[in-house]
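Presented below is the structure to which this report refers.
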Amino acid sequence: MSAFLFLIFVVAVILAFNASRRISRVEKRLSEIERHLAPAAALDAEISKIKAAQPEPKPEPRPAAAPPPAQPKKWKPLKKTEETDQRTFEERFGTRWAVWVGGVALALGGIFLVQYSIEQGLIGPGTRILLGALLAAVLIVAGEWARRKENLSGIAGLPTAHIPGILTAAGTTIAYADVYAAYGLYDFLTPGVAFVLLGLVALATLAAALLHGPALAALGLVGAYLAPLLVAAERPDYWALAIYLAVVTAASFALALARLWRWLAITAVAFATLWTFPGISDASALAPHVFHVVIGFSLVAAFIVAGFLFGPDTAPGRVDEVSSGALAAYLFAAAALVLANHHDGAAVLAFAALTAATVAIAWRSEAAVGAVPAASVLAALVIADWAFNTNLGSTIAPAGPLAGSVPEPQRAAYELTLATGIGFAALFGISGYLAQGRSPQPWAPMLWAASAVLAPIAILAALYYRIAGFERSIPFAGLALLLAVLYALATEALGKRAPRPGLAAAGATFATGAVAALALALTLALEKGWLTLALALMVPGVAWVAEK
């Protein structure tokens, strides 16, 4: 204990010494400013006397100025500041790092205080929640008071220490944890009340971050997403967690849109996606996990995707990394739910709905076209896992009178697998072809074409294995041949159109798909020497396509 007190004493001495140095620098700068302003004030007085003695000219009428053009609302780029920090180590430590450490200590101290009181049984649950709320309110009020005093008495030239933002961020983080503990630990609140209170805290954090800047946004965001880890119950309530994350994610996305902070949108998407994986294989937690993914995807579509609903503006035909990456992240989470829960119907339905929604959003806003290839790869992966997944326990044939009464596992669920695969293949194939010629930039049609070729061929191969098991199959060979014909017709049709950005590359992609689908058809229909001869005869055709 004495060592701890000695450490506090040393830190206090360092901060006091730093404060005294800052005060002396301020006094010196003020004296220099007064010395330089005295001659300037006298000169201004003489100029005012001369102007007062001269008659004022009559003002000439001026034409009304045109209003300035509206500035586009686009994401702020991630660029390093060009300003060089000329402050000494003592100034940086005393004005920023010590304050940041203090703010983190306040936030964690409030949360750990609740946890310690739970473990030691010091006070009752109601008192714990009340004290946590009071501490949060005191910190938020102190942060607002510090912000106003800082605005009134700010001195030019002194670096800001972000004290108001740190205090407010610590208060809002404790408020998040306090409401979550009242609902998830003690059942003091119903889901509806908890949702309203969390929404109020999120809106308060949003409003405060608009005033205090990125420091509050960063610390509040991290604290809000980490609060469920610090204040946790023995048996996790996934519904409470899903509701909490929905409110926090909505507030984060709204703040990112209001201030056009690209870094905040990316960080919030990353945190929200990672929260899909705790308990992902728990069958009883599938419903709240699906809710979390669907709500997060919807919030991305509403606030993050550029040129769609409430999202920021974007240039026509430009593929935006944030918009496409955010949708792809939630699609990856939905695909992980399908794989972890062995293709449960609810997880498959959610993934299929989000995949179709991704195509629809990308059709409306080309900023999200980058998510379409990711969706096609994930759809093929889901079908492939469905096709190659084998339950060893179900492959053992029963003995005795039940022998032969159980259907072969690899031949079960043909209809569901086939329907899902055909649906995905048709979705990407048709949309990829119809999207050609709509964009003024080349990247969007190329991505659409790649999705239209990749997904159907990969899905067809996976379904062939699931049903035919690497045996010759004339029906699947016919489907592959039909796919090759469709790709060839698409190549021919695109070649006759007027030149457009990316149209030639898209036609080449469809031609490549036709060659690949034809090779797959021959592989599924022939074997041994006939297959070798057929593939050799394809070489002149491939050369002709390459020349065209």
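The table below gives the values:
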read-out: Ser298 open to solvent by 10 Å² or more (accessible area, probe 1.4 Å), small (Gly, Ala, Ser) and within 12 Å of the chain's Cα centre (by Cα); value: yes
read-out: Sole exception among (1) in contact with a Phe, Trp or Tyr (Cβ under 6 Å, 6 or more places away or on another chain); (2) over 25 Å from Ala449 (Cα atoms) for Leu524, by number; value: (2)
read-out: Lone unmet requirement of (1) in contact (Cβ under 8 Å) with a residue 24 or more places away in the chain; (2) within 28 Å of Ala362 (Cα to Cα); (3) surrounded by fewer than 22 Cβ atoms within 10 Å (Cβ to Cβ) for Leu489; value: (1)
read-out: In segment 506-530, the residues that are part of a helix (DSSP H, G or I) and surrounded by fewer than 16 Cβ atoms within 10 Å (Cβ to Cβ); value: Lys528, Gly529, Trp530
read-out: Selection status of Ala240, over 24 Å from Ala336 (Cα atoms), of a type in the set (A, V, I, L, M, F, W, C) and touching a residue at least 40 places away in the same chain (Cβ under 8 Å); value: no
read-out: Restricting segment 185-203 to residues that are more than 18 Å from Pro236 (Cα to Cα) and more than 22 Å from the chain's Cα centre (by Cα), the residue that is modelled with the lowest pLDDT; value: Gly192
read-out: Enumeration of residues in segment 180-206 that are assigned to a helix (DSSP H, G or I), open to solvent by 10 Å² or more (accessible area, probe 1.4 Å) and either aromatic (Phe, Trp, Tyr) or touching a residue at least 24 places away in the same chain (Cβ under 8 Å) (or both); value: Tyr180, Tyr183, Gly184, Pro191, Phe195, Gly199, Val201, Leu203, Ala204, Thr205, Leu206
read-out: Of the criteria (1) open to solvent by 30 Å² or more (accessible area, probe 1.4 Å); (2) touching a helix residue (DSSP H, G or I) at 6+ places or on another chain (Cβ under 6 Å); (3) under 18 Å from Ile459 (Cα atoms), which one Ala353 fails; value: (2)
read-out: Sole exception among (1) open to solvent by 70 Å² or more (accessible area, probe 1.4 Å); (2) more than 40 Å from the chain's Cα centre (by Cα) for Arg497, by number; value: (2)
read-out: Residue ID - most open to solvent (accessible area, probe 1.4 Å), chosen from residues in segment 269-295 that are small (Gly, Ala, Ser) and not in a helix (DSSP H, G or I); value: Ser281
read-out: Filtered residues of segment 232-268 (kept if open to solvent by 10 Å² or more (accessible area, probe 1.4 Å), farther than 23 Å from Leu211 by Cα and either under 17 Å from the mean Cα position of the chain (by Cα) or among the charged types (D, E, K, R) (or both)); value: Glu234, Arg235, Asp237, Ala246
read-out: Residue within segment 333-345 that is open to solvent by 10 Å² or more (accessible area, probe 1.4 Å), of a type in the set (Asp, Glu) and under 30 Å from Pro440 (Cα atoms) present; value: no
read-out: Selection count, segment 365-388, where residues are of a type in the set (Ser, Thr, Tyr) and either touching a strand residue (DSSP E or B) at 6+ places or on another chain (Cβ under 9 Å) or surrounded by fewer than 23 Cβ atoms within 10 Å (Cβ to Cβ) (or both); value: 1
read-out: Any chance Gly432 is open to solvent by less than 40 Å² (accessible area, probe 1.4 Å) and on the phi > 0 side of the Ramachandran plot; value: no
read-out: Every residue from segment 298-312 that is in contact (Cβ under 8 Å) with a residue 60 or more places away in the chain and assigned to a loop (DSSP other than H, G, I, E, B); value: Val305, Ala306, Gly307, Phe308, Pro312
read-out: Filtered residues of segment 207-216 (kept if crowded, with 22+ Cβ neighbours inside 10 Å and either in contact with a Leu (Cβ under 7 Å, 6 or more places away or on another chain) or under 15 Å from Val247 (Cα atoms) (or both)); value: Ala208, Ala209
read-out: Selection within segment 362-387 - under 16 Å from the mean Cα position of the chain (by Cα) and either free of Cβ contacts under 8 Å to residues at least 60 places away in the same chain or over 11 Å from Ser451 (Cα atoms) (or both); value: Ala367, Ala368, Ala371, Ala374
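The rows are residues; the columns are (1) in contact with a strand residue (DSSP E or B) (Cβ under 9 Å, 6 or more places away or on another chain); (2) within 27 Å of Leu255 (Cβ to Cβ); (3) assigned to a helix (DSSP H, G or I); (4) not aliphatic (A, V, I, L, M).
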{"position": "Val319", "(1), (2), (3), (4)": "no, yes, no, no"}
{"position": "Ser323", "(1), (2), (3), (4)": "no, yes, yes, yes"}
{"position": "Leu331", "(1), (2), (3), (4)": "no, yes, yes, no"}
{"position": "Leu337", "(1), (2), (3), (4)": "no, no, yes, no"}
{"position": "His343", "(1), (2), (3), (4)": "no, no, no, yes"}
{"position": "Ala347", "(1), (2), (3), (4)": "no, no, yes, no"}
{"position": "Ala357", "(1), (2), (3), (4)": "no, yes, yes, no"}
{"position": "Trp363", "(1), (2), (3), (4)": "no, no, yes, yes"}
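Yes or no, residue by residue, for (1) surrounded by fewer than 20 Cβ atoms within 10 Å (Cβ to Cβ); (2) at pLDDT below 90; (3) part of a loop (DSSP other than H, G, I, E, B):
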| position | (1), (2), (3) |
| --- | --- |
| Ser439 | no, yes, yes |
| Pro445 | no, no, no |
| Ala450 | no, no, no |
| Val453 | no, no, no |
| Pro456 | no, no, no |
| Leu463 | no, yes, no |
| Arg472 | yes, yes, yes |
| Ala477 | yes, yes, no |
| Leu483 | no, no, no |
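Rundown of residues vs (1) of a type outside the set (Lys, Arg); (2) open to solvent by 40 Å² or more (accessible area, probe 1.4 Å); (3) out of contact with any Cys (no Cβ under 6 Å at 6 or more places or on another chain); (4) at pLDDT below 75, yes/no style:
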| position | (1), (2), (3), (4) |
| --- | --- |
| Ala142 | yes, no, yes, no |
| Trp145 | yes, yes, yes, no |
| Leu152 | yes, yes, yes, yes |
| Gly157 | yes, yes, yes, yes |
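The values are calculated or read from the model by the stated rules, or taken from the named source; none is laboratory data. A quick note: this is a predicted structure, and the numbers were derived from the prediction, not measured. Quick reminder, even Gly has a Cβ in these numbers, built from the backbone with ideal geometry, and neighbours come from all protein chains shown. Only protein heavy atoms, including side chains, enter the accessible area calculation; ligands, DNA and RNA are left aside. Shrake-Rupley method; radii C 1.70, N 1.55, O 1.52, S 1.80 Å.
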